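**Q** Let me begin by handing over the structure; questions about it come next.
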Amino acid sequence: MLGIFQQSNLRIELTASEAAIADSLTRPAQLRRWLWPQRLAEGLPERLTPGLTYTSWLGPVTIHHRIEQLDSHRLRLLLSHGIDGYHEWSWGEGWVQSRLEGVTVLPLNLGQTLSLLQLRQFLTHRK
């Protein structure tokens, strides 16, 4: 894999319930509403499940995801192709944390920051 090793760990506070945050991270229909410009593959189930594999695209870059762990407070994705590494989400009442690590040519910290800001905006205006 070409690229450089990068890691980023960001946590933000949100005006949202733990359940709303969980739904925004584990339901593909909701992910599609705030995860722009990343596009998710069609045909995903209503809710993500452990072991599920799917593809997303960030412009011309293809990223493969495999859900390694999913429980009531955490989602861990193994990433390959465009990013070789992992993305881990943790959440609770009024907060979400994203930990991203991998080898890629993409600017991980910038993308992660924009994603968290978009998630915050989505949850704030969802009401």
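**Q** Over all alpha-carbon pairs of the chain, lay out the pair-distance distribution in 5 Å bins, whole %, shortest bin first.
**A** Reading the bins upward from 0: 2, 11, 22, 26, 22, 12, 4, 1, 0.
**Q** Moving to a separate point now. Please work out, to two decimal places, the log10 of the ratio I(q)/I(0) at q = 0.15, 0.18, 0.20, 0.32 Å⁻¹ from a Debye calculation in which every Cα of region 1-51 carries one identical scatterer.
**A** The calculated log intensity ratios at q = 0.15, 0.18, 0.20, 0.32 Å⁻¹ are -0.61, -0.81, -0.92, -1.20.
**Q** Another question about this same structure. Dipole size in debye (nearest 20) for the chain around its Cα centre, Lys and Arg Cβ +1, Asp and Glu Cβ -1?
**A** So the dipole magnitude of the chain works out to roughly 300 debye.
**Q** Consider a paramagnetic label point 7 Å from the Cα of Trp95 along Cα→Cβ; state which residues of region 1-39 have an amide N under 15 Å from it.
**A** 9-18
**Q** Put +1 on the Cβ of each Lys and Arg and -1 on the Cβ of each Asp and Glu in region 25-127; which of Trp34, Pro45, Gly102 then has its Cα farthest toward the positive end of the dipole?
**A** Of Trp34, Pro45, Gly102, it is Trp34.
Throughout, read-outs are computed from the coordinates displayed, never taken from laboratory work. Model, not experiment: these values are computed from the prediction. For neighbour counting, all protein chains shown are included, and Cβ atoms are generated from backbone atoms with ideal geometry for every residue, glycine included.
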